[in-house]
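The values are calculated or read from the model by the stated rules, or taken from the named source; none is laboratory data. Note that this is a predicted model, so its numbers are computed, not measured. Using ideal geometry, Cβ is built from the backbone for each residue, glycine included, and neighbour counts are taken over all protein chains shown. When the accessible area is computed, the model is the full protein with side chains, heavy atoms only, and any ligands, DNA or RNA have been set aside. Shrake-Rupley method; radii C 1.70, N 1.55, O 1.52, S 1.80 Å.
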Amino acid sequence: MRPTELYSVLAHQDASAGIVAVLIGAAIFAAVMLIILVLISRSIRELRRGAERFAGGDLSQRIAVKGPLQLADLAESLNIMAGQLADRLSTVIRQRNELGVIHGSMAEGVLAIDHEQNILSLNRAASVMLSLDATDAIGRSVYEAVRNAEFHQVIQQTLDQGTAVAGEMALNAQENSESNASSDRTIQLQSALLRDDDGQRIGLVLVLHDVTQLRRLESVRQDFVGNVSHEVKTPVSAIKAAVETLIDLPGSDDPDTQRFLQIISRQSDRLAAIVDDLLSLTRIEQAGDGGLKDMESAALWTVIAAANETCQAGANAKQIHIQTECDRDVRAQISAQLLTQAVVNLIDNALKYSDPGTSVLMHCEVLDGEAVVSVTDQGRGIEPKHLPRLFERFYRTDKARSRELGGTGLGLSIVKHVAEAHGGRVSVDSTPGVGSTFRIHLPAGSSS
Ligand code: ADP
């Protein structure tokens, strides 16, 4: 073989070997890539399955990814996220359970409604009081679920006024027949608006408190006081009559006898006054409970004029001048007889606790939607510490002085009950040594 031929054969062999080597290299590369791709796709599948498990709420298992670094990092991050989610979820569940237990074991009923007045939640006590099946009631309109006008009124007032409202509702035995309640019940209601973090209204919550027992006891107390006063009234009248006869009886003019008879007479007068005031209080309380019967729209100046007339003699005797100031168009729904009694009590006190030569002003006006009757004196005034308890039964700032002046300690309590029986309230301002102003606030009626 010639050298050129040999060279050509060798060159040919070299080229074949190179091609084979390239092919083998390519095959190995393809195999490695394939393996990597398989590994990546397996890891991605594993990741996807794990993410789906987490999304489905199963946070107990972790994703096991041993693939490429970035995927393993991603899996690790997902596992950490799942761990944190599981922790938070268990905290939320624990808190919800705690809240549920507290909510469920409360004696007060709690009912929440959304901004469309559909029931959001209610606890066991509320469902018993309102005879509602808790699961069935949720999502229903509260107006449809609880058919009670007073209940609706509290909700409506809360929404209209945008403030907390208190009220009371009566549930009769039929209305709550599904519950264990076998008789009529009285439920006290307290509402509050629910607002989100931005202060937007999202609904309201109502707290229900069964005050049936309390109201029954109050009624027993009222009856008791009324009955005792009735029973005491007759013997006291008999004692008074007997003492007056004895005082005038010939032969009883011995000074000691006269002194003792006068004491008995004064004390029986006092007892008679207390019995009369207690009976008045009981009557006003009982009348107020069922709503006053003899209510009519009247101008308040008529009440002021009647009270003025009643008190004129006492005022003259003490040389105190009574002034009256009242717009003729101030009107309210009133029981004229009861309101006159209350104003007379206020003037009576003004005269009792003021010096001769001073004056008493009776005034009436409409203020902030209320018809206000006030009695202002220039008397000795009352120290601020007494003001919060002044309208309580038998509360006196100076017991001896009150008794000396013939007070029973019930006058202001009667005034307060009369105001409340009218759906109103009382207030007082006083400065020791300067004088006092007592006010009766009533819901104003339309002026004619
Ligand atoms: P009383 O029969 O003792 O007057 P009230 O219930 O009418 O009972 O009044 C309670 C107490 O309030 C009185 O004992 C007196 O101390 C005080 N009080 C009431 N009105 C006045 C007044 N106008 N000025 C000063 N003190 C008053």
Review point. Once you list every other residue whose beta carbon is under 12 Å from the beta carbon of Arg403, what net charge do they have if Lys and Arg are +1 and Asp and Glu are -1?
Key: +3
Exercise for review: Please compute the net charge surrounding Val360, taking Lys and Arg as +1 and Asp and Glu as -1 over other residues with Cβ under 13 Å from its Cβ.
Suggested key: -2
Check your understanding: If each of Asn316 and Val228 carries a label point 7 Å out from its Cα toward its Cβ, how far apart are those two points in nm?
Key -> 4.0 nm
Revision key, fill the gap. In the neighbourhood of Ile119 defined by beta carbon distances under 12 Å, the net charge of the other residues (Lys, Arg +1; Asp, Glu -1) is -4
Review point. Exactly which GluC sites (Glu not before Pro) in the stretch 349-414 are in a DSSP loop and have at most 16 other Cβ atoms within 10 Å?
Key: Glu392
Point to revise | Order by protection proxy (mean Cβ within 10 Å, highest first), peptides 411-417, 121-127, 50-56, 252-258 | key: 411-417, 121-127, 50-56, 252-258
Review point. Taking a ≥ b ≥ c as the square roots of the eigenvalues of the Cα gyration tensor of the stretch 198-341, is the shape rounded (a/c under 1.5), prolate (a/b larger than b/c) or oblate?
Key: oblate
Study note, to complete from the structure: Most fluctuating of Ala332, Ala31, Ala170 in the GNM of the chain (C-alpha, under 10 Å) is Ala31
Check your understanding: Accessible area of Thr324, 1.4 Å probe, to the nearest 10 Å²?
Key -> 70 Å²
Check your understanding: Which lysines does Lys293 reach when only Cα atoms under 24 Å apart count, and residues fewer than 8 places away in its own chain are ignored?
Key -> Lys416
Check your understanding: Lys/Arg Cβ at +1, Asp/Glu Cβ at -1, dipole of the chain taken about the Cα centre: which of Ala238, Phe260, Leu292 is farthest positive-ward?
Key -> Leu292
Check your understanding: What is the chain by shape, rounded, prolate or oblate, if you read a ≥ b ≥ c off the alpha carbon gyration tensor as root eigenvalues and call it rounded for a/c under 1.5, prolate for a/b larger than b/c, and oblate otherwise?
Key -> prolate
Point to revise | Cysteines (scope the chain) whose Cβ has no counterpart Cys Cβ under 4.7 Å | key: Cys311
**Study point:** For the stretch 169-315, size of Cβ-based charge dipole, Lys and Arg +1, Asp and Glu -1, in debye
**Key:** 120 debye
Practice item. Work out, step by step, the length gained on full extension between Ile80 and Asp197: first 0.36 nm times the residue separation, then minus their alpha carbon distance; give nm to one decimal. Key: 39.1 nm
Practice item. Would you mind calculating the gained length between Asp289 and Ala21 on full extension (0.36 nm times residue separation, minus the Cα-Cα distance), in nm to one decimal? Key: 85.5 nm
Point to revise | Extended-chain gain in nm, criterion 0.36 nm per residue less alpha-carbon gap, Asn172 and Arg42 | key: 39.8 nm
Study note, to complete from the structure: Per-residue ellipticity at 222 nm attributable to helices in the chain (runs of n ≥ 4 DSSP H, -39500 (n - 2.57) apiece, nearest 500 deg cm²/dmol) works out to -18500 deg cm²/dmol
**Study point:** Per residue value of the accessible surface for the chain (all protein chains in place, 1.4 Å probe), Å²
**Key:** 58 Å²
**Study point:** Cross-link reach list, lysines versus Lys318, counting only Cα pairs under 20 Å and skipping chain neighbours closer than eight places
**Key:** Lys352
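In debye, nearest 20, what is the charge dipole magnitude of the chain about its Cα centre with +1 on Lys and Arg Cβ and -1 on Asp and Glu Cβ, if you could check?
Details: 42 positive and 56 negative charges, 291 e Å.
The dipole magnitude comes to about 1400 debye.
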Review point. Anyone know which of Leu47, Leu23, Leu278 comes out most mobile in the 10 Å Cα GNM of the chain?
Key: Leu23
Check your understanding: What residue among His115, Gln161, Gln70 has its Cα farthest toward the positive end of the dipole of the stretch 61-185, where the charges are +1 on Lys, Arg and -1 on Asp, Glu, each on the Cβ?
Key -> Gln70
Exercise for review: Choose one of Thr376, Ile24, Val434: the residue whose Cα lies farthest towards the positive end of the charge dipole of the chain (beta-carbon charges +1 Lys, Arg; -1 Asp, Glu; about the Cα centre).
Suggested key: Ile24
Exercise for review: Treat every Asp and Glu Cβ in the stretch 34-106 as -1 and every Lys and Arg Cβ as +1, leave all other atoms uncharged, and give the resulting dipole magnitude about the Cα centre to the nearest 20 debye.
Suggested key: 180 debye
Check your understanding: Using a cut-off of 18 Å between alpha-carbon atoms, which aspartates and glutamates can reach Lys385, once sequence neighbours fewer than 8 places away in the same chain are excluded?
Key -> Asp398, Asp429
